[in-house]
Amino acid sequence: MSGAQTRRAAAELLMLTLDSRRTLDEAMAKTDSYNDLEGPDRGFARVMASAALRELGRIDAGLSPLLSRPLEATSPAIRALLRIGAVQLWRLDTPAHAAVSETVEAAKGWPDARSGGSFLNAVLRRAADTDPGLDAMPAISVWPDWLADRFAADLGAEGAERLAAHQLSEAPLFLSARSDPAEVATATHGDLLPTGSVRLGHSNVETLPGYDSGDWWVQDAAAALPARLLGATEDDKIIDLCAAPGGKTLQLATSGAQVTAVDRSKPRLERLRENLARTGLSADIIAANADEWRPNAPVSKLLLDAPCSALGTLRRHPEGAWIKREAEIDRFPTAQARLLAAAADMVVSGGTVIYCVCTPLKSEGLEIVEGALSNGLYTRHAIEPDEIPGFEHCLTEAGDLLTIPSEGAGHDAFFITRLTRL
Ligand SMILES: C[S@@+](CC[C@H](N)C(=O)[O-])C[C@H]1O[C@@H](n2cnc3c(N)ncnc32)[C@H](O)[C@@H]1O
């Protein structure tokens, strides 16, 4: 395959992601030009697209002074090629002549881009002679302005900058163990965290020892905290509400508790079923809308991992900053409040409910919990520092957890609270 085909594939991945609002994983599954590539070419196309998405706000700010018209006014194919050209020049150390000529060549062979070839050539030549000072730009400039403002309003300017800086490098891989985390750490050459997660550099999951035998599953270290905080034992009956694809169900099932996993998405429940089969763990699976479904008898423990904006996982999915719309994000709190109220019907008085979301926004976390507290459904059961070794600094004054990553920590940003049913 030629270098031009690799650049075109990367640009098509960007277009499908940004213009059709798909995740990069979905784009990779659907883009023929990408799937026709093999080996290192395919890897390089993915690297170009993901590096551009990781710092899109900065790349666009660097391109802007080089353009005679706004980037948004260029055609989708040319816009994508400009970004792919720029990221090679400014971030990937691709030799300038190759970055410019192969990207311009890609436009020549691509009907959607052909007419913009000389414009692309002129801009990329200037880009090759320009230092746009990407590192001097604030980290929050990787996001669209509305999102940077939203994070700054909730986390303060410093917290937002920390979250953005954290997005600039690829996330590590974390594993949760079916039985013995220390054994998994030894077998995979990973680091064992005090909370039991195993941290690895980037790895091909399917070739790691223990994958086929289901000794572990991939689960972010912060995502592993909610189930841990429920304190499941083999005597418990537990409802895992909004359970699929089942990372937390697997954790709960390792305790020997009788777990009922409820989710309304049948395809996602199918993945949960596969995960149970691979690990040899068991849970009852119910496909239902949790707003309406009720158990035969209330249980003593429930975990609600509510649907959310997932803005705490942008390091793994940086495109989320660009493909989510503010209006969509603002629809989650209504559903979250409804689900937390529904959970109260499923738990005995004195029972424990963990509410969690993988977003640091107050509107989806703290404000939902405060609403349920003021409705008299629950009281807060503060999380104690010794329950979360390594995450003590994430405890809020009220006793909730807000896992904004500190420097060097690779985990996601979760909000987690523990409640007692009144
Ligand atoms: C954050 S994900 C859950 C992740 C899962 N707990 C895990 O650890 O793998 C949220 C889930 O909520 C489900 N969901 C959303 N609204 C629901 C509802 N009203 N009833 C049941 N499930 C719902 C979605 O299908 C999605 O699988």
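The values are calculated or read from the model by the stated rules, or taken from the named source; none is laboratory data. Only a predicted model underlies this, so the values are computations on that prediction, with no experimental measurement involved. Quick reminder, even Gly has a Cβ in these numbers, built from the backbone with ideal geometry, and neighbours come from all protein chains shown. Calculation scope for accessible area: heavy atoms of the full protein, side chains included, ligands and nucleic acids excluded. Shrake-Rupley method; radii C 1.70, N 1.55, O 1.52, S 1.80 Å.
Give a residue-ordered list of calculated ³J(HN,Hα) values for the stretch 112-126 (Karplus: 6.51 cos²θ - 1.76 cosθ + 1.60, θ = phi - 60°; whole Hz; x for Gly, Pro).
Along the stretch 112-126, the couplings run 5, 10, 3, 5, x, x, 6, 4, 4, 4, 5, 5, 5, 5, 5 Hz.
State to the nearest 20 debye the size of the charge dipole of the stretch 370-415 about its Cα centre, where the only charges are +1 on K and R beta carbons and -1 on D and E beta carbons.
On the way: 1 positive and 9 negative charges, 37 e Å.
Dipole size: approximately 180 debye.
Taking a 23 Å limit on the Cα-Cα distance, which of the listed pairs 30/324; 324/362; 266/362 fall beyond it?
Correct reply: 266/362.
If one takes the longest principal axis of the Cα atoms in the chain, at what angle in degrees, from 0 to 90 and to the nearest 10, does the Cα axis of helix 145-166 lie?
90 degrees
What are the GluC sites (Glu not before Pro) within the stretch 7-82 that DSSP puts in a loop, where the Cβ has at most 14 other Cβ atoms within 10 Å?
Answer in residue order: 38.
What's the angle, to the nearest 10 degrees (0 to 90), between helix 76-90's Cα axis and the longest principal axis of the chain?
The helix 76-90 is inclined about 90 degrees to the chain.
Rounded to the nearest 5, what is the percent of antiparallel bridges among the DSSP beta bridges in the chain?
In the chain, DSSP labels about 50 percent of beta bridges as antiparallel.
Of the peptides 255-262, 199-206, 104-111, how do they stack up when ordered by the mean number of other Cβ atoms within 10 Å, highest first?
Values: 255-262: 21.5, 199-206: 12.5, 104-111: 18.9.
Highest-to-lowest ranking by the protection proxy: 255-262, 104-111, 199-206.
For the stretch 291-356, which GluC sites (Glu not before Pro) are in a loop by DSSP, counting at most 15 other Cβ atoms within 10 Å?
The qualifying sites are 292.
Measure off, as a whole percent, the carbon and sulfur share of the 1.4 Å-probe accessible area of the chain, all protein chains present.
The nonpolar share, carbon plus sulfur, comes to 48 percent.
What three numbers, in Å, describe the spread of the alpha carbons of the stretch 52-134 along their principal axes, ordered from the longest?
Extents along the principal axes: 32, 26, 22 Å.
I'm a student and want to see the number: the projected area of the Cα convex hull of the stretch 244-354, averaged over all directions, in nm².
Mean projected area for the stretch 244-354: 7.9 nm², to one decimal.
Can you tally the net charge around residue 316? Count Lys and Arg as +1, Asp and Glu as -1, for every other residue whose Cβ sits under 9 Å from the Cβ of residue 316.
Net of charged neighbours comes to -2.
How large is the dipole of the chain about the Cα centre if only Lys and Arg carry +1 and Asp and Glu carry -1, each at its Cβ, rounded to the nearest 20 debye?
Using only the charged Cβ atoms, the result is roughly 1020 debye.
On a 0 to 90° scale, report how tilted helix 39-54 is relative to the longest principal axis of the chain, with both axes built from alpha carbons and the result rounded to the nearest 10.
Roughly 80 degrees between the two axes.
Between the stretch 39-80 and the stretch 241-257, what is the C-alpha centre distance in whole Å?
39 Å
Could you work out Rg/(2.2 N^0.38 Å) for the stretch 331-408, with Rg from alpha carbons only?
1.16
Calculate the radius of gyration of the Cα atoms of the chain to one decimal place, then report Dmax, the largest Cα-Cα distance, as a whole number, both in Å.
23.2, 71
Residues in the stretch 381-411 near a label at residue 135, defined as backbone nitrogen under 20 Å from the 7 Å Cα→Cβ point?
407-409
To the nearest 500 deg cm²/dmol, what mean residue ellipticity at 222 nm is calculated for the chain from DSSP H runs of n ≥ 4 alone, each contributing -39,500 (n - 2.57), summed and divided by the residues?
Details: 17 runs with 178 residues, N = 422.
Rounded to the nearest 500, the figure is -12500 deg cm²/dmol.
Give me a comma-separated list of calculated 3J(HN,Hα) values for the stretch 374-386, in order, Karplus coefficients 6.51, -1.76, 1.60 applied at θ = phi - 60°, integers in Hz, x for any Gly or Pro.
Whole-Hz 3J(HN,Hα) from phi for the stretch 374-386: 6, 7, x, 7, 9, 10, 7, 10, 4, 7, 9, x, 6.
Taking 10 °C and 1.306 mPa s as the conditions, I'd like the Stokes-Einstein D for the stretch 172-218 in µm²/s, using the Kirkwood hydrodynamic radius from alpha carbon pairs.
Values: Rh = 10.2 Å.
Translational D for this selection: 156 µm²/s.
How large is Rg over Rh for the stretch 274-422, taking Rg from the Cα atoms and Rh as the Kirkwood inverse mean of 1/r across Cα pairs?
0.97
What are the GluC sites (Glu not before Pro) within the stretch 341-390 that DSSP puts in a loop, where the Cβ has at most 11 other Cβ atoms within 10 Å?
Filter output for the stretch 341-390: empty list.
Label points 7 Å out from Cα along the Cβ direction at residue 406 and residue 381: separation in nm?
2.7 nm
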